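First the structure, in the form of structure tokens, and then the observations on it.
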Amino acid sequence: MLNLDTHILIHALNGKLKPRERRLLAENAWSISAIVLWEVAKLSQIGRIELAIESAPFRRLIAPVHIWPLDMDVYRHIGKLDFRSDPADEIIAATSVEHAIPLLTRDERIRQSTIVPLA
């Protein structure tokens with residue numbers, strides 16, 4: 001199983017993955033932090049992406065994706081991260097740390113981490 005950051009999920013839904021990302025996603029089950037859904041909703045709301053998150057097609061696409069909850073077990077890892085970023089990215093990374101699940105991301109700040117398990 002992989003933990004996908006927001007942009008990887010969006011690229012996967014829009015068919016804009018790099019070959020390595022496409023291969024990894026084809027070979028593994030997908031999961032996301034619950035904050036990813038919030039980010040997708042906000043990006044859609046402000047017009048930065050065109051995904052109708054309330055639509056039946058989006059719900060069908062996201063249905064098989066495991067959604068990790070936002071809880072104290074995740075939040076306690078935020079202060080232990082070896083990078084600083086926007087809060088959502090830190091929550092996504094902390095989710096990977098808490099659940100020992102590789103994170104698939106293009107974010108260079110996160111990719112430099114020695115704490116976050118990466119895909």
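The values are calculated or read from the model by the stated rules, or taken from the named source; none is laboratory data. None of the values given here were measured: they were computed from a predicted structure. Here Cβ is always computed from backbone atoms with ideal geometry, including for glycine, and neighbour counts include all displayed protein chains.
So the values come out like this:
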| quantity | calculated |
| --- | --- |
| Test: residue in the stretch 9-29 that is assigned to a helix (DSSP H, G or I), among the charged types (D, E, K, R) and within 13 Å of residue 105 (Cβ to Cβ) | yes |
| Count of the stretch 90-106 residues which are buried (at least 20 other Cβ atoms within 10 Å of the Cβ) and in contact with an Asp or Glu (Cβ under 6 Å, 6 or more places away or on another chain) | 2 |
| Unique residue being buried (at least 17 other Cβ atoms within 10 Å of the Cβ), over 19 Å from residue 10 (Cβ atoms), in contact (Cβ under 8 Å) with a residue 12 or more places away in the chain and of a type outside the set (D, E, K, R) when the list is 40, 116, 36 | 116 |
| Residue among 82, 5, 73 that alone is in contact with a strand residue (DSSP E or B) (Cβ under 8 Å, 6 or more places away or on another chain), within 17 Å of residue 97 (Cβ to Cβ) and charged (D, E, K, R) | 5 |
| Candidate set: the stretch 45-102, residues that are of a type in the set (Gly, Ala, Ser) and assigned to a loop (DSSP other than H, G, I, E, B); chosen: the one modelled with the lowest pLDDT | 52 |
